[in-house]
Amino acid sequence: MTQSIPAHGGQLLNLYADEANVIVEKNKAQHYPSWSLNRRQLCDIELLLNGAFSPLTGFLSQPDYENVLASMRLADGRLWPMPINLDVSAAFAQSLRLGESITLRDGEGVVIANMQVTDCWKADKVAEAQAVFGSTDPNHPGVHYLLHETGDYYLGGTLTGVTPPFYYDFSEYRHSPAQLRADFASQHWTNVIAFQTRNPLHRAHVIMTKRLMAEHKAKFVIHTAVGITKPGDIDHYSRVRCYQKILAHYPKGCAMLSLIPLAMRMAGPREALWQAIIRQNYGFSHFVVGRDHAGPGRDNRDKHFYDVKAAQELALAHQDELNIKILPAPFLLYAPERGEFCEESQLLPGEQGLYISGAELRGLLQKGLPVPDWFAYPEIVAELHTVLPPRSKQGVTLFFTGFSGSGKSTLANGVMVKLLELGGRKVTLLDGDLVRKILSSELTFSKEHRDLNILRIGYVASEISKNGGVAVCAPIAPYAHTRRKVRNMVEEHGTFIEIHVATSIEVCESRDRKGLYAQARAGKIKGFTGIDDPYEVPENPELRIDTAEYSITDAVNLVMTKLAEMGII
Ligand code: PPS
């Protein structure tokens, strides 16, 4: 029976205080130091509190953490491949004593849980990245988050839940492990396949999962991650609308949709195993592991971060320790002559199997080209056309970066005027100098303040792009990781184009239009970019222009040509 599927570690945990004690915990919270949970931490804490992360009773202690990194096991030997840490700032960590309790609040200040802090240590993030992701390459989104967005200290300790995080959206599809188990039991569902996904489903997915349902005499649940997925993914609102539509392609009463607030790490093999454990805790009997499951795609050299079969192999290698059956997903291709899907090995001699990757699909949508009917259902394509309109209708951020005096503002102004001349677009200029007078008037040029300045610009630009406008930004933006954060913000809703204005420091200094380089050389301005402060050269900008080599008109035309090439104008 499905309800008898044991949780990982034996017992499905529920870390919430019982009704009588909620008020006691809330009262205690008033006297504890508070930590405001970020989006990732809110996802993690919800799954800790509702038992999805059983057998964890809180954020990992240091011995558990070290064992997880070294051997994918807790200190007591139980299998657990993913570190679940409460990362905090050095200042907060150093203000605490071990044994002390803290209260964990959401962004609005609601008390989510209290935690007794048993461990506090400084993270070795590079070692963690290598152990968990097998890489320290910041092009990996999980590595980037760890190295650049995670607090420097980790706190471990047991949790007592007070208030479950609240959602306005799709509440009918949100289930805790206990609720989903009860739901399966009430419908007498015994074998149930969990299908983890962060993408819309198409014909091949439906055919593949229906085959698995038949083979394993199982019901089917689209158990979709709606916490944090890969930057640039289609937002969960549109995806859930797609899933609602796709359910009509399954036999009635045999398939359902459920949302899990999982913050994915894109950790490939380790993540596949972790996700299987989580699905066991939700009461599933089977878990589908796809090709390159939870992989972040390709690195800068166009190489997959993980072998496409590594996730399936690692999960299968631990099958004996799991009470959920791992189902490696067959990879289906479309055989056009036969009008059907088959595995590569089943193609007839000379037969060419067709497949459209996520990136290719995105390309078709961005160019406004038709999506072949053999690949996707028309109602899903219609939804995708709404959420991913052709690039000419999407919001855009043009992000010029380079030294002071490199020509960023001149170029940005020129491009803005050209766009206005073409018409049909609302354009906002967020020039470095201008922003510093208004948005960031109180900020200095320290690293922290420069980062904050760029994040403010990025936030405004992403809002403009989200609403279909064009944001033209022209700050120095000297740090690669901050530019990456802005790219991630913008790509949630539109197109991000990084233009490195690569004019050399010598040329910029010789221009010295504002006399600032002379002042920097004379030591009157300290920490001047390119003189005694760093500038990290963009590795892969969409465009690089040295303004010493072109007239202004030609340089502006280079940008406009790039925009035309990309289908933006
Ligand atoms: S940053 O690093 O992106 O936050 O800088 P930004 O907001 O673009 O501001 C750069 C403009 O500020 C003037 N300025 C300095 N630049 C660099 N370093 C130091 N220490 C500094 N102090 C003042 C300078 O005029 C820059 O203008 P632009 O338009 O880039 O020439």
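The values are calculated or read from the model by the stated rules, or taken from the named source; none is laboratory data. The structure presented is a predicted model; accordingly, all values stated were derived computationally and were not measured. Because the Cβ atoms are built from the backbone with ideal geometry, glycine has one as well, and the counts that use them run over all protein chains shown. In case anyone asks, the SASA skips ligands and DNA or RNA and just uses the protein heavy atoms, side chains included. Shrake-Rupley method; radii C 1.70, N 1.55, O 1.52, S 1.80 Å.
Out of residues 5 or more away from A335 or on other chains, whose amide H comes under 5 Å of its own, with H placed 1.01 Å from N in the peptide plane?
Under 5 Å from the amide H of A335: E340, F341, C342, L354.
Taking the Cα-to-Cβ direction at L420 and at L443 and moving 7 Å from each Cα, how far apart do the two end points lie in nm?
With each label point 7 Å from Cα toward Cβ, the separation is 2.5 nm.
What residue among A70, S34, F133 has its Cα farthest toward the positive end of the dipole of region 19-161, where the charges are +1 on Lys, Arg and -1 on Asp, Glu, each on the Cβ?
With unit charges placed on the Cβ atoms, the residue in question is S34.
When ranked by the protection proxy of mean other Cβ atoms within 10 Å per residue, highest first, what sequence do the peptides 455-461, 535-541 form?
Working: 455-461: 20.1, 535-541: 14.6.
The most tightly packed comes first, giving 455-461, 535-541.
Quick one: give the max-minus-min coordinate of the C-alpha atoms of the chain along each principal axis, largest first, in Å.
Ordered largest first, the chain gives principal extents of 77, 69, 39 Å.
For region 171-332, give the share of DSSP beta bridges that are antiparallel, in percent and rounded to the nearest 5; count only bridges with both residues there. Mind dumping the intermediate values first?
Details: 1 of 21 bridges.
In region 171-332, DSSP labels about 5 percent of beta bridges as antiparallel.
For region 417-479, what is the Kirkwood estimate of the hydrodynamic radius, computed as the reciprocal of the mean inverse distance between distinct Cα atoms, to one decimal in Å?
12.4
Give the peptides 213-219, 203-209 in descending order of average Cβ contacts within 10 Å, highest first.
203-209, 213-219
May I ask you to give the average projected area over all directions of the convex hull of the Cα atoms of region 373-523, in nm² rounded to one decimal? Don't skip to the end; give the middle numbers.
Numbers: hull surface 44.4 nm².
Dividing the Cα hull surface by four gives the mean projection, 11.1 nm².
If you average 1/r over all unlike Cα pairs in region 333-387 and invert the result, what Kirkwood radius do you get in angstrom?
On the way: mean 1/r = 0.0809 Å⁻¹.
12.4 Å is the Kirkwood radius here.
Would you work out which of L443, M416, S404 lies farthest towards the positive end of the dipole of region 392-496? Charges go on Cβ: Lys and Arg +1, Asp and Glu -1.
M416
Based on DSSP H runs of at least 4 residues, each adding -39500 (n - 2.57), what is the mean residue ellipticity at 222 nm of the chain after dividing by all its residues, to the nearest 500 deg cm²/dmol?
That comes out to -11000 deg cm²/dmol.
Which residues does the label zone of Y237 cover in region 370-391, counting backbone N under 18 Å from a point 7 Å along Cα→Cβ?
Within reach of a label on Y237, which here means backbone N under 18 Å from a point 7 Å along Cα→Cβ, region 370-391 contributes 382-390.
Please report the base-10 log of the normalised intensity I(q)/I(0) for region 364-423, using a Debye sum with one equal scatterer per alpha carbon and no solvent, at each q in 0.12, 0.15 (1/Å).
Values returned for q = 0.12, 0.15 Å⁻¹ are -0.50, -0.64.
Once the piece of chain linking E344 and E215 is laid out straight, how much longer is it, given 0.36 nm per residue of separation minus the C-alpha distance between them?
44.5 nm
Which listed residue (G268, H202, Y535) has the Cα farthest towards the positive end of the charge dipole for the chain, taking +1 on Lys and Arg C-beta and -1 on Asp and Glu C-beta about the Cα centre?
H202
Please give the charge dipole size of region 333-387, origin at the Cα centre, charges +1 on K and R Cβ atoms and -1 on D and E Cβ atoms. Round to the nearest 20 debye. Please report the intermediate quantities before stating the final value.
Numbers: 3 positive and 9 negative charges, 55 e Å.
That gives region 333-387 a dipole magnitude of about 260 debye.
Could you calculate the FRET efficiency of Q244 with R298 from 1/(1 + (r/R0)^6), where r is the beta carbon distance between them and R0 is 22 Å, rounded to 0.05?
0.10
Residue by residue through region 219-225, which ³J(HN,Hα) values in whole Hz follow from phi under the Karplus form 6.51 cos²θ - 1.76 cosθ + 1.60 (θ = phi - 60°), with glycine and proline marked x?
Along region 219-225, the couplings run 7, 9, 10, 7, 9, 8, 6 Hz.
So which DSSP H runs in the chain come out at 27 Å plus along the axis (Cα) with average Kyte-Doolittle of at least 0.5?
none
Based on the mean of other Cβ atoms within 10 Å per residue, sort peptides 560-566, 480-486, 420-426 so the most packed one is first.
480-486, 560-566, 420-426
If you average the C-alpha positions of region 92-154 and of region 17-88 separately, how far apart do those two centres end up, in angstrom?
11
Find the centroid of the Cα atoms in region 432-506 and in region 228-290, then give the distance between the two in whole Å.
Value for the Cα centre distance between the two parts: 33 Å.
In a Debye calculation with equal point scatterers on the alpha-carbon sites of region 34-175 and no solvent, what is log10 I(q)/I(0) at q = 0.21 Å⁻¹?
Results for region 34-175 at q = 0.21 Å⁻¹ read -1.40.
In debye, nearest 20, what is the charge dipole magnitude of the chain about its Cα centre with +1 on Lys and Arg Cβ and -1 on Asp and Glu Cβ, if you could check?
880
Expressed as a whole number of Å, what is the distance separating the alpha-carbon centroids of region 515-535 and region 353-418?
38
Can you give me the % of accessible surface on the chain that is carbon or sulfur? Probe 1.4 Å, all protein chains present, nothing else counted.
The value for the chain is 53 percent carbon and sulfur by accessible area.
If the chain between E360 and E536 were fully stretched, how many nm would it gain, using 0.36 nm times the residue separation less the Cα-Cα distance?
Between E360 and E536, full extension yields 60.2 nm more.
What is the spin-label model distance, in nm, from L369 to K125 if the labels are put 7 Å beyond Cα along the C-beta direction?
A separation of 3.9 nm, rounded to one decimal place.
Non-local amide H neighbours of V288 (under 5 Å, H modeled in plane, Pro and chain starts lacking H): which ones?
Residues meeting the criterion, in which the H sits 1.01 Å from N, are A194, Q196, L327.
Per residue, what volume in Å³ does the Cα convex hull of region 295-414 take up?
Output value, Cα hull per residue: 231 Å³.
Which semi-axes, in whole Å and largest first, does the equivalent ellipsoid of region 226-297 have when worked out from the alpha carbon gyration tensor as the square roots of 5 times its eigenvalues?
21, 17, 11
Give me the distance in nm between label points sitting 7 Å out from Cα along the Cα-to-Cβ direction at A178 and Q352, one decimal.
Once both label points are built, they end up 5.7 nm from each other.
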